[in-house]
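Down below is the structure, laid out as structure tokens.
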Amino acid sequence: MNLNQFLTELSDLGVKLWTDGDQLRVRSPKGVLTQKQRDLLTLHKTELITLLRSSNMSASDIDLPLVRIEKHLDLPVSFGQQSMLFLNGLDRENPFYNVSFSMRIIGSLSVTALEQSINEIIRRHEAIRTTFLMVEGAPMQAIAPKLTITLPVVDLQGLLETEVQLLITKSVRQAFNLEKDPLLRVTLLRLEPESHLLILTMHHIIMDGWSMGIFLKELESLYQAFTAGEPSPLPELTIQYADFAVWQRQWLTGEVLEKQLNYWKQQLADAPPLLELPTDYPRPPVQTFCGATREFQLEEHLTKQLVTLSQKSDVTLFMTLLAAFAILLHRYSSVDDICIGSPFANRNRPEVEPLIGLFVNSLVLRTQIAENPSFSEFLLHVRSVVLDAHAHQDVPLNKW
């Protein structure tokens, strides 16, 4: 059998091959590849890469199904994970990308059921069991077949709230080793006999804001079932995050990638590199990340007015607030060309909606305030900018 016949055989089985730099990538439905075929892929890796390049073989223009693949194959990281690994490599001791959230539990608590619930979530989501290693110079995902945590209970009864907060801050700022550590830490703080605080910390490389909601929703469902002595009510996941990562690297190539990149090249052409604002302190020469968060609430009446304005203008509330923010920056800076970074969920396929993992993508929303438009006119401009960004949100801009 020559290589062309081998490729035809794999294609008939639904196996996809493509090149990613100097790497040969394989996407295979679960249970399809035999050991002999895997050995042939390894043996003829170099020849297959050359053949694929010379024939310009790509499936990027096909609506590729997102399916579960063989997990014993080399599992490339997603583009988002690749960026996280690069940033982590600059300073391995930094906790800047630790994602932490807490849940206060009032009343009687079954620590056993809570621990069981967390371990069930870990079993369900391979991303939480994933660490990262280098294989032939390329970053890869390493998924542990099993990971079970023991929920530590720390008794803080009698401590002042400030002392409790210091302990929490110290815990969540502890850096992760992405090559070895479980990238999830969970601690239960007992503040009073029937008052607890559950602290969960994960590295951003395995989760995003959407994932937080999934974790908490599943935790609630599982805890209610397990405390009642019932089995898990959650359906099994059809795919996992590594399946998405392989699919993403195969799909976002060729014409698909070129089309999306061309949009951003045009959209960001000659964009200003930095927005200078008249701040009370000069910009430090080295970024310290010592920022702060200010929280405030809009009055109910004002909120209703904003919602009504958005509905009448056929825009979302996000678009209205973005327009107002851009105008505010324009008035402070006297700059007409405003670029604002915004996270996009990047979950365009229903298969990935229930998954914990890093899908979020940060995009640039560039608004240009020229010729003194009315707010209604500017709002329509912002609407167009946001919708176009949504249509081209798959490109990881920090990769190019």
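Suppose we keep only residues that are among the small types (G, A, S) and farther than 27 Å from W251 by Cβ within the range 65-121. Which one would you say is surrounded by the most Cβ atoms within 10 Å (Cβ to Cβ)? Give the derivation first.
Here is the first cut: in the range 65-121, the ones among the small types (G, A, S) are 78, 80, 83, 89, 100, 102, 107-108, 110, 113, 117.
Okay, now just the ones that are also farther than 27 Å from W251 by Cβ, so 100, 102, 107-108, 110, 113, 117.
Values: S100: 16, S102: 13, G107: 7, S108: 8, S110: 12, A113: 17, S117: 23.
Among those that are among the small types (G, A, S) and farther than 27 Å from W251 by Cβ, it is S117.
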Within the range 382-395, count every residue that is surrounded by 17 or more Cβ atoms within 10 Å (Cβ to Cβ), within 20 Å of the chain's Cα centre (by Cα) and in a helix (DSSP H, G or I).
-> 2
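Return yes or no: is E220 acidic (D, E) and over 25 Å from N98 (Cβ atoms)? Break it down stepwise before answering.
Working: acidic (D, E): yes; over 25 Å from N98 (Cβ atoms): no.
So E220 fails the test.
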Look through L322, L363, L379 and report the one residue that is modelled with pLDDT of 90 or more, assigned to a strand (DSSP E or B) and in contact with a helix residue (DSSP H, G or I) (Cβ under 6 Å, 6 or more places away or on another chain).
-> L363
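Do any helices (runs of 4 or more DSSP H) lying entirely in the range 23-133 carry at least 3 residues that are in the same structural domain as R173 (by TED's automatic domain parsing) and modelled with pLDDT of 90 or more, and which ones are they?
Details: elements: 35-43, 45-54, 79-90, 111-124.
So the answer is 79-90, 111-124.
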For the range 326-353 the number of residues that are touching a strand residue (DSSP E or B) at 6+ places or on another chain (Cβ under 7 Å) and either closer than 13 Å to L365 by Cα or in a loop (DSSP other than H, G, I, E, B) (or both) is 11
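Conditions (1) farther than 30 Å from S117 by Cα; (2) assigned to a helix (DSSP H, G or I); (3) within 22 Å of the chain's Cα centre (by Cα), marked per residue:
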residue: L216; (1), (2), (3): no, yes, yes
residue: Y223; (1), (2), (3): no, yes, no
residue: G229; (1), (2), (3): no, no, no
residue: Q248; (1), (2), (3): yes, yes, yes
residue: E255; (1), (2), (3): yes, yes, no
residue: Q260; (1), (2), (3): yes, yes, yes
residue: D270; (1), (2), (3): yes, no, no
Say we look at the range 153-178 and pick out the residues that are touching a residue at least 12 places away in the same chain (Cβ under 8 Å) and not aliphatic (A, V, I, L, M); which of these is farthest from H203 (Cα to Cα)?
-> Q157
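Identify the residue in the range 134-175 that is outside any helix (DSSP H, G or I) and of a type in the set (G, A, S) and, among all such residues, is farthest from P354 (Cα to Cα). Write out each step before concluding.
Within the range 134-175, the subset outside any helix (DSSP H, G or I) is 134-160, 173-175.
Next, only the ones that are of a type in the set (G, A, S) stay: 137-138, 142, 144, 158, 175.
Values: G137: 32, A138: 28, A142: 21, A144: 20, G158: 40, A175: 27 Å.
Checking each candidate, the answer is G158.
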The residue from T150, T130 that alone is touching a residue at least 24 places away in the same chain (Cβ under 8 Å) and surrounded by fewer than 17 Cβ atoms within 10 Å (Cβ to Cβ) is T150
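Quick grid of which residues meet (1) surrounded by 10 or more Cβ atoms within 10 Å (Cβ to Cβ); (2) touching a residue at least 40 places away in the same chain (Cβ under 8 Å):
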position	(1), (2)
L277	yes, yes
P285	no, no
Q297	no, no
E300	no, no
T303	yes, no
T308	yes, no
Residues (of a type in the set (K, R) and either in contact with a strand residue (DSSP E or B) (Cβ under 7 Å, 6 or more places away or on another chain) or over 28 Å from S384 (Cα atoms) (or both)) located in the range 290-324 | R294
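The values are calculated or read from the model by the stated rules, or taken from the named source; none is laboratory data. Everything quoted here is computed from the prediction, not taken from an experiment. Quick reminder, even Gly has a Cβ in these numbers, built from the backbone with ideal geometry, and neighbours come from all protein chains shown.
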